[in-house]
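See structure below.
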Amino acid sequence: QVQLVESGGGLVQAGGSLRLSCGASRNIWNFNYIGWYRQSPGNQRELVARISRDGSTNYADSVKGRFAISRDNAKNTVYLRMNSLKPEDTAVYYCNVESLISGNVYWGQGAQVTVSS
């Protein structure tokens, strides 16, 4: 019932920036949390950043100080601003939400981010 569409991925040089967007088919007020995960080939999927309904945020240590998660309630969209990108940030980034109503978890299709050295 909930669809999530990521956009904004691409190829960037080390030190550059990208902003990922996650557009939701429902008002983001309906979600307990919205998060960004990433997974690179041969590695575990890991939490990058998350914002909860109460506005609290958390970040992976590897991105703290470089990435920032934010939301635009009017646009039903959550953003991940990624600054000072490093080659090790290369991964597929997934938007993830938990429904306040049902408790179900939903995933987007993923957006590829590639950082060249």
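Could you say which residue among ASP61, ASP54 is assigned to a loop (DSSP other than H, G, I, E, B), open to solvent by 20 Å² or more (accessible area, probe 1.4 Å), farther than 23 Å from SER117 by Cα and not hydroxyl-bearing (Ser, Thr, Tyr)?
After applying the criteria, what remains is ASP54.
Could you list, in sequence order, all residues of the stretch 26-40 that are open to solvent by 60 Å² or more (accessible area, probe 1.4 Å) and either at pLDDT 95 or above or in contact with a strand residue (DSSP E or B) (Cβ under 9 Å, 6 or more places away or on another chain) (or both)?
GLN39
Determine the pairs where a residue that is farther than 22 Å from ARG71 by Cβ, located within the stretch 5-23, has a partner that is open to solvent by 60 Å² or more (accessible area, probe 1.4 Å) and basic (Lys, Arg) with Cβ atoms under 8 Å apart, the partner being 6 or more residues away or on another chain.
Note: pairs meeting the criteria are ALA14/LYS86.
Scan the stretch 100-114 and tell me whether some residue there is free of Cβ contacts under 8 Å to residues at least 40 places away in the same chain, surrounded by 13 or more Cβ atoms within 10 Å (Cβ to Cβ) and not hydroxyl-bearing (Ser, Thr, Tyr).
Yes; the residues of the stretch 100-114 include at least one that is free of Cβ contacts under 8 Å to residues at least 40 places away in the same chain, surrounded by 13 or more Cβ atoms within 10 Å (Cβ to Cβ) and not hydroxyl-bearing (Ser, Thr, Tyr).
Within the stretch 78-95, how many residues turn out to be more than 10 Å from VAL48 (Cβ to Cβ) and open to solvent by less than 20 Å² (accessible area, probe 1.4 Å)?
3
The values are calculated or read from the model by the stated rules, or taken from the named source; none is laboratory data. Every value quoted in this text rests on a predicted model; they were computed, and no experiment measured them. Backbone-built Cβ (ideal geometry, glycine too); neighbour counts: all protein chains shown. Surface areas here come from the heavy atoms of the whole protein model, side chains and all, with no ligands, DNA or RNA. Shrake-Rupley method; radii C 1.70, N 1.55, O 1.52, S 1.80 Å.
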